[in-house]
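Below: one structure, written as structure tokens.
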Amino acid sequence: YSSKDLHGIEYIDSYVFNKAEYVRFNSTVGKYVGYTEYGMKNAEVWNRDYLAQELGELERFCKYNADLHYGAVLDKTGEQG
């Protein structure tokens with residue numbers, strides 16, 4: 001994201017095995033998506049059993065930490081020093 005308004009912030013949780021991503025949760029999509037046969041099976045189960053928990057991570061982790069660190073990172077963009 002690039003503004004103090006955290007409306008556009010996105011949370012992505014990727015699962016990788018042997019350098020190949022097989023499942024990804026994207027808060028913009030709002031569900032797990034599988035990229036392999038194994039990943040699609042996991043995504044189906046995880047969307048049923050863990051989706052509410054994962055959706056809460058955007059608020060609990062991302063927005064909370066982004067707000068804390070905004071001044072240390074984005075407010076200094078373009079400063080010389």
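The values are calculated or read from the model by the stated rules, or taken from the named source; none is laboratory data. None of the values given here were measured: they were computed from a predicted structure. For neighbour counting, all protein chains shown are included, and Cβ atoms are generated from backbone atoms with ideal geometry for every residue, glycine included. These accessible areas exclude ligands, DNA and RNA; they are computed on the full protein's heavy atoms, side chains included. Shrake-Rupley method; radii C 1.70, N 1.55, O 1.52, S 1.80 Å.
Within the range 1-25, the set of residues being modelled with pLDDT under 90, over 16 Å from Phe61 (Cβ atoms) and within 13 Å of the chain's Cα centre (by Cα) comprises just one member, Gly8. Just so you know, in the range 26-59 the residues that are at pLDDT 95 or above, open to solvent by less than 70 Å² (accessible area, probe 1.4 Å) and among the hydrophobic types (A, V, I, L, M, F, W, C) include one that is farthest from His69 (Cα to Cα), and it is Val45. Could you tell me whether Tyr38 is within 22 Å of Ile9 (Cα to Cα) and among the hydroxyl-bearing types (Ser, Thr, Tyr)? So Tyr38 does not fit the description; no.
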